[in-house]
1. Where both residues lie in the chain, what percent of DSSP beta bridges are antiparallel, nearest 5?
2. If you average the sequence gap of Cα pairs under 8 Å that are 6 or more apart and divide by the length of segment 244-306, what percent do you get for the contact order?
3. Could you size up the charge dipole of the chain around its Cα centre, putting +1 on the beta carbon of Lys and Arg and -1 on that of Asp and Glu, and report it in debye to the nearest 20?
4. Using the structure shown, select from K138/K223; K24/K99; K143/K223; K160/K332; K98/K167 the pairs with a Cα to Cα distance greater than 20 angstrom.
5. Give me the net charge of G46's neighbourhood, meaning all other residues with Cβ under 12 Å from the Cβ of G46; Lys, Arg count +1, Asp, Glu -1.
6. Expressed as a fraction of 2.2 N^0.38 Å, the rule-of-thumb size for a compact globular protein of N residues, what is the C-alpha radius of gyration of segment 116-232?
7. Run through segment 289-332 and list the trypsin sites (Lys or Arg not before Pro) located in a DSSP loop whose Cβ has at most 13 other Cβ atoms within 10 Å.
8. How high is the relative contact order of the chain? Use alpha-carbon pairs under 8 Å, at least six apart in sequence, and give a whole percent.
Amino acid sequence: MKIIDCEFHYYLPELMDYLATRDKAMRYYPETKVLEVRDHVYAHFGGVTNTYPFIDEMMNFGAERVAEMDRNGIDVGVMSSSPAVEELPEKESVYFAKKSNDAVAELIKKFPGRFMGTAILPTPYVDEAIKELERCVKELGFKYWHTHSNYMHEHLYDEKYLPLLAKAEELGCAVYVHPQASDDTDMKDMGYVYSSPGLGFGLDTMKTSLRLILNGTFDKFPKLRMILGHLGEFFPFIIDRVDNRFAWIRDDEVKMKHTVAYYFKNKNVVVTTSGVMSKISFECTKKVFGIDSIIFASDYPYVCLADMMKFVKTLDLTEEEKEKLFHLNAEKYILG
């Protein structure tokens with residue numbers, strides 16, 4: 001059975017070299033393999049305090065990555081840049097977005113049929129981001145745009161990003177809203193895990209994605225598709241509650257024309273399995289949104305690929321459901 005992994009992370013080595021020269025977040029410390037994601041908030045990517053060292057795998061653009069795919073039965077990896085580019089000054093952001101996208105394009109050429117690309121953009125610099133998105137889709141053949149839940153002090157739901165979202169719809173390009181570390185003071189005070197993968201990632205992505213829905217984004221751009229990882233963050237569990245409250249107590253700031261659930265049922269929003277290995281969570285997501293809305297993604301190398309593949313093979317799915325999960329839904333909704 002064909003398996004496409006729709007969240008296959010990387011960092012451009014040249015970008016990491018540049019981050020090592022910075023005197024503030026995002027800052028990389030190569031000697032300890034630590035990334036300062038927010039001021040005084042440190043992600044240990046090396047192995048000293050992290051039991052699964054992976055930064056070297058993130059920067060691997062060669063045969064070793066393909067070998068890892070082969071060991072775990074992955075036919076195609078969709079390459080997606082981890083956070084940093086969108087938080088740099090304009091000149092550096094534009095430069096490293098193009099360099100990252102070009103590196104993925106070269107990887108695709110080097111290993112035909114094994115990789116696809118997603119665009120990383122200098123997102124806060126909207127005019128430049130629009131130009132790079134067009135280049136990625138029309139010239140490089142990339143399939144969707146991989147962005148993040150915040151750009152330090154800005155978010156995709158801000159009005160300035162409407163022209164970029166309009167361009168994405170025009171190009172038929174989905175947007176994958178991936179988490180970034182929260183910049184909230186109360187989150188940062190508890191360190192990286194609390195502010196990021198332990199809790200902050202989900203909260204920040206929920207805030208951004210729900211604001212996009214409430215702002216009427218998918219009424220303005222009805223053909224636009226948003227992708228959320230981690231089985232839709234917290235949406236499967238709380239969506240009924242959210243819709244119930246907004247139906248009962250309507251705020252003037254809410255511009256959406258339908259319920260929140262409508263945009264999931266209409267496939268404006270689809271979700272991936274990335275980074276979650278829980279049968280209960282998967283079954284909840286499947287019952288709430290249906291198997292047609294779930295796409296396979298591993299979150300490699302933030303998650304051990306072997307562990308993720310072992311988990312998904314234990315799911316109680318029919319052969320038809322497996323085909324949808326592992327490649328058909330991706331091909332229909334975000335790779336077409």
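1. Details: 7 of 31 bridges.
Given both bridge residues lie in the chain, the antiparallel proportion sits at roughly 25 percent.
2. Working: 34 pairs, mean separation 21.5, N = 63.
Answer for segment 244-306 is 34 percent.
3. Working: 41 positive and 52 negative charges, 171 e Å.
Computed about the Cα centre, the dipole is about 820 debye.
4. Working: K138/K223 18 Å; K24/K99 22 Å; K143/K223 15 Å; K160/K332 30 Å; K98/K167 18 Å.
Violating the 20 Å Cα-Cα cut-off are K24/K99; K160/K332.
5. Details: positive: K33; negative: E31, D56, E57.
Counting the neighbours of G46, the net charge comes to -2.
6. Numbers: Rg = 14.3 Å, N = 117, 2.2 N^0.38 = 13.4 Å.
So the Cα radius of gyration is 1.07 times the expected 2.2 N^0.38 Å.
7. Numbers: sites: K310, K313, K322, K324, K332; in loops: K313.
Answer in residue order: K313.
8. Details: 565 pairs, mean separation 57.2, N = 336.
Relative contact order for the chain comes out at 17 percent.
Values quoted throughout were computed directly from the atomic coordinates according to the rules given, and no laboratory measurement underlies them. Note that the structure is a prediction, hence the values are computed from the model and not measured. Note: ideal-geometry Cβ built from the backbone for every residue, glycine included; neighbour counts use all protein chains shown.
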